[in-house]
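Structure first, then comments.
The values are calculated or read from the model by the stated rules, or taken from the named source; none is laboratory data. In this text, all values refer to a predicted model and were calculated from it rather than measured experimentally. So basically every Cβ, Gly included, is an ideal-geometry build from the backbone, and we count neighbours across all protein chains shown.
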Amino acid sequence: MELLKAENLRYGYDGKTILKDVSFSVNEGDFICIVGENGSGKTTLVKGILGILQSYEGKIQYSKELTKSHIGYLSQQALHRKDFPASVSEVVLSGTLGHSFFGFGYSKAQRNIADKVMEKVGITHLRKKNFSELSGGQQQRVLLARALCATKKLVLLDEPTSALDPLITAEFYTLLKKLNKEGVAVLMVSHDVSAAVKIASHIIHLDSDSVFFGTTHEYIHSDKGRKLLVSGCPCDACSHNPQREVRENA
Amino acid sequence: MLKMLSYPFMVNALIVGLLIAICCALLGVVLVLKRYSMIGDGLSHVGFGALSVAAVLNIGAPIWFALPVVMIAAFFLLRLTENSKINADAAIAVISSSALAIGVFVTSMNGTNINLQQYMFGSILSVGQSDIIVSIVLTALVIGMYVLFFNKIFAITFDETFSEATGIRTDIYNIAISLLTAVTIVVGMRMLGTLLISAMIIFPALTSMRVCKRFLTVIITSVVISVICVFSGLYTSFTFKDVPVGATIVIFNLGFFLVFLMISLVKRLLCSKRKAKSEY
């Protein structure tokens, strides 16, 4: 089922276009990676999807189950500072706020959502800890839990692993993959194209002149994909699998 | 103690002082955590300029002139800070000194600098009926906002982009907080002084953050510290006649800060010792 559909989007700041002709759609169960060079407009597109930035042209249609405020968002980690006084459960609970108008405490329903999500992400034992004293990997898990509180359908991640070491990054991807299998669609901005093609079902490649959107398989075979990827397509059926070529030549 | 309450001006000062203490502490936590501390400082200088101009123009209750001016300034300073293209701290510094210069210039033209001294360092005697009314309304608004929208204030302070993405109108909250800060500063600065009011906003938050690690406890502790400091400050300056009240309050705040800093250092030392032991 289609969660959101974007058609011919054009974005920019102060009248200057940064991103144009962006069309794509997100379906239930998709794992989409947004890749592109620095300054190609990845974060701009994220802001557009979240509704923080208005498009110059084109529009994004959200499905009935997914209004704009139902997207769980996880930003680049650098935004969070060292000495903020907040417990893990305070942070996770703040993800449930999108739809309540006011209140001092949180309702039982909100607490239940937070408890469930914390268990899913594996941070229940940290709930009373101070957020700023956690390790980078733990902090990203907490923020992922907060994002999941805001949504059941779609999480949008902006380079979630840019500050993590390779081991923690791999763990984080495994967790994302598990959540994705459980039915949460993932839309992730990534620097690392080779990691992206391993994990994603679809790729959006932003570039100043043209934008690619298609399945990962199509991407690996496209000109854009070939330029960036050292190893060829991993699937055996493909004729341009270098390993197969080697085997055949032998 | 009872003698202190037998003077009507002391009762006025106590009412306004304690109410402003609560507002400063509540708003201060958010301002400090959002890295907006300089806005408070800038606004107090703009307030000084506005009060001086009001005095020269012979406006009956200068507070009614200063309030709108400082509120407009608050609005623009917030815009300045949000707009990443302009170097905000430099801009605030320029606005502060310009407002201060205008204030000093205007009062000296008038031939007297009694007001100057009073506005710079504050005076209990300047608290009037209108200050009491404004501070009661202000405190009601600030406390009301914090009680009703506590969760959202936390979410916005912690991560503005995320809150915006979940559909919270962060711009409205930011404007509300900076306008309330403007009013707090105008009312508070007449008693505590232009140069010292920003300490009232920054100190309690900074002090409680040494020890408390949750948002809710930081806010409650800041309010308690702030109220104790203002009360002790007023009592001290009443007992030792010539001591200015603003300076006394700031010194009490400094004392609290140092004590809390010591507590946090001792705590950390104990923690690392325990860790080292358990590793053996």
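Which condition breaks for residue A:209 when tested against (1) assigned to a loop (DSSP other than H, G, I, E, B); (2) touching a residue at least 24 places away in the same chain (Cβ under 8 Å)?
(2)
Within the range B:136-158, how many residues are in a helix (DSSP H, G or I) and crowded, with 17+ Cβ neighbours inside 10 Å?
Applying the first criterion (in a helix (DSSP H, G or I)) to the range B:136-158 yields B:136-148, B:150-158.
Applying the additional criterion that residues be crowded, with 17+ Cβ neighbours inside 10 Å yields B:138-139, B:142, B:145-146, B:150-158.
The qualifying residues number 14.
Looking at (1) away from chain B (no Cβ under 13 Å); (2) over 18 Å from the mean Cα position of the chain (by Cα); (3) at pLDDT below 85; (4) over 17 Å from residue A:156 (Cβ atoms), find the lone condition where residue A:122 falls short.
(3)
Quick grid of which residues meet (1) at positive phi; (2) touching a residue at least 12 places away in the same chain (Cβ under 8 Å); (3) among the charged types (D, E, K, R):
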| position | (1), (2), (3) |
| --- | --- |
| A:128 | no, yes, yes |
| A:144 | no, yes, no |
| A:154 | no, yes, no |
| A:159 | yes, yes, yes |
| A:164 | no, yes, no |
| A:167 | no, no, no |
| A:170 | no, no, no |
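Just to confirm my filter: which strands (runs of 3 or more DSSP E) fall fully inside the range A:1-55 and include at least 2 residues that are free of Cβ contacts under 8 Å to residues at least 24 places away in the same chain? Steps first, please.
Values: elements: A:2-13, A:16-27, A:31-36.
Answer list for the range A:1-55: A:16-27.
Let me spell it out: the conditions are (1) in contact (Cβ under 8 Å) with a residue 12 or more places away in the chain; (2) assigned to a helix (DSSP H, G or I), and residue B:133 meets all of them except one. Which number is the exception?
(1)
Residues in the range B:188-201: is at least one under 30 Å from residue A:95 (Cβ atoms) and at pLDDT 90 or above? Working first, answer last.
We begin by selecting, within the range B:188-201, every residue under 30 Å from residue A:95 (Cβ atoms); these are B:201.
Now drop any that are not at pLDDT 90 or above, which leaves B:201.
Yes, some residue in the range B:188-201 is under 30 Å from residue A:95 (Cβ atoms) and at pLDDT 90 or above.
If you check B:217, B:161, B:166, which single one turns out to be of a type outside the set (D, E, K, R) and either surrounded by 19 or more Cβ atoms within 10 Å (Cβ to Cβ) or touching an Asp or Glu at 6+ places or on another chain (Cβ under 8 Å) (or both)? Before you say what the answer is, go through the steps one by one.
On the way: B:217 fails: either surrounded by 19 or more Cβ atoms within 10 Å (Cβ to Cβ) or touching an Asp or Glu at 6+ places or on another chain (Cβ under 8 Å) (or both); B:161 fails: either surrounded by 19 or more Cβ atoms within 10 Å (Cβ to Cβ) or touching an Asp or Glu at 6+ places or on another chain (Cβ under 8 Å) (or both).
After applying the criteria, what remains is B:166.
Within the group A:147, A:109, which residue is under 25 Å from residue A:64 (Cα atoms), at the interface with another protein chain (Cβ under 9 Å from one of its Cβ atoms) and either out of contact with any Asp or Glu (no Cβ under 6 Å at 6 or more places or on another chain) or part of a helix (DSSP H, G or I) (or both)? Walk me through how you get there before you give the answer.
Numbers: A:109 fails: at the interface with another protein chain (Cβ under 9 Å from one of its Cβ atoms).
Matching residue, one of A:147, A:109: A:147.
Quick grid of which residues meet (1) touching a residue at least 40 places away in the same chain (Cβ under 8 Å); (2) farther than 30 Å from residue B:155 by Cβ; (3) touching a Lys or Arg at 6+ places or on another chain (Cβ under 6 Å); (4) part of a helix (DSSP H, G or I):
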position: B:4; (1), (2), (3), (4): yes, yes, no, yes
position: B:11; (1), (2), (3), (4): no, yes, no, yes
position: B:18; (1), (2), (3), (4): yes, no, no, yes
position: B:42; (1), (2), (3), (4): yes, no, no, yes
position: B:60; (1), (2), (3), (4): no, yes, no, no
position: B:91; (1), (2), (3), (4): no, no, no, yes
position: B:97; (1), (2), (3), (4): yes, yes, no, yes
position: B:106; (1), (2), (3), (4): yes, yes, no, yes
position: B:116; (1), (2), (3), (4): yes, yes, no, yes
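With (1) at pLDDT 90 or above; (2) not in a helix (DSSP H, G or I) as the list, and residue B:167 as the residue in question, which single condition is left unmet?
For residue B:167, the exception is condition (1).
Yes or no: the range A:129-143 includes at least one residue that is over 22 Å from residue A:70 (Cα atoms), within 14 Å of chain B (Cβ to nearest Cβ) and assigned to a loop (DSSP other than H, G, I, E, B).
yes
Is it true that residue B:222 is under 18 Å from residue B:12 (Cβ atoms) and part of a helix (DSSP H, G or I)?
Working: under 18 Å from residue B:12 (Cβ atoms): no; part of a helix (DSSP H, G or I): yes.
For residue B:222, the condition - under 18 Å from residue B:12 (Cβ atoms) and part of a helix (DSSP H, G or I) - is not met.
Quick check on the range A:42-64: of everything there that is within 21 Å of residue A:192 (Cα to Cα) and basic (Lys, Arg), which residue is farthest from the other protein chains (Cβ to nearest Cβ)?
Of everything passing the filter in the range A:42-64, A:42 is farthest from the other protein chains (Cβ to nearest Cβ).
What's the total number of residues in the range A:159-184 that are closer than 21 Å to residue A:27 by Cβ, touching a Ser or Thr at 6+ places or on another chain (Cβ under 9 Å) and not β-branched (Val, Ile, Thr)?
Looking only at the range A:159-184, we keep the residues that are closer than 21 Å to residue A:27 by Cβ, and these are A:173, A:176-184.
Right, trim to touching a Ser or Thr at 6+ places or on another chain (Cβ under 9 Å) and you get A:173, A:180, A:184.
Then keep just the ones that are not β-branched (Val, Ile, Thr); that gives A:173, A:180.
Count: 2.
With respect to residue A:176, is the statement that it is hydrophobic (A, V, I, L, M, F, W, C) and crowded, with 22+ Cβ neighbours inside 10 Å true? Give the derivation first.
Details: hydrophobic (A, V, I, L, M, F, W, C): yes; crowded, with 22+ Cβ neighbours inside 10 Å: no.
Judged against the criteria, residue A:176 is not a match.
Spot the failing condition for residue B:198; the list is (1) within 20 Å of the chain's Cα centre (by Cα); (2) within 14 Å of chain A (Cβ to nearest Cβ); (3) polar (S, T, N, Q), and only one is missed.
Every condition holds for residue B:198 apart from (2).
Is the range B:45-56 home to any residue that is surrounded by fewer than 24 Cβ atoms within 10 Å (Cβ to Cβ), of a type outside the set (A, V, I, L, M, F, W, C) and at pLDDT 85 or above?
No, there is no match, as no residue in the range B:45-56 is surrounded by fewer than 24 Cβ atoms within 10 Å (Cβ to Cβ), of a type outside the set (A, V, I, L, M, F, W, C) and at pLDDT 85 or above.
Consider residue A:95 carefully, then state whether it is surrounded by fewer than 22 Cβ atoms within 10 Å (Cβ to Cβ) and either at pLDDT below 80 or within 10 Å of chain B (Cβ to nearest Cβ) (or both).
Details: surrounded by fewer than 22 Cβ atoms within 10 Å (Cβ to Cβ): no; either at pLDDT below 80 or within 10 Å of chain B (Cβ to nearest Cβ) (or both): yes.
No.
Scan the range A:191-202 and give yes if some residue there is within 14 Å of chain B (Cβ to nearest Cβ) and either over 28 Å from residue A:40 (Cα atoms) or in contact with a strand residue (DSSP E or B) (Cβ under 9 Å, 6 or more places away or on another chain) (or both), otherwise no.
Narrowing the range A:191-202 to residues within 14 Å of chain B (Cβ to nearest Cβ): none.
Looking through the range A:191-202, none of the residues is within 14 Å of chain B (Cβ to nearest Cβ) and either over 28 Å from residue A:40 (Cα atoms) or in contact with a strand residue (DSSP E or B) (Cβ under 9 Å, 6 or more places away or on another chain) (or both).
Select, from B:170, B:236, B:157, the only residue that is within 10 Å of chain A (Cβ to nearest Cβ), free of Cβ contacts under 8 Å to residues at least 40 places away in the same chain and hydroxyl-bearing (Ser, Thr, Tyr).
Details: B:236 fails: within 10 Å of chain A (Cβ to nearest Cβ); B:157 fails: free of Cβ contacts under 8 Å to residues at least 40 places away in the same chain.
Unique residue meeting the criteria: B:170.
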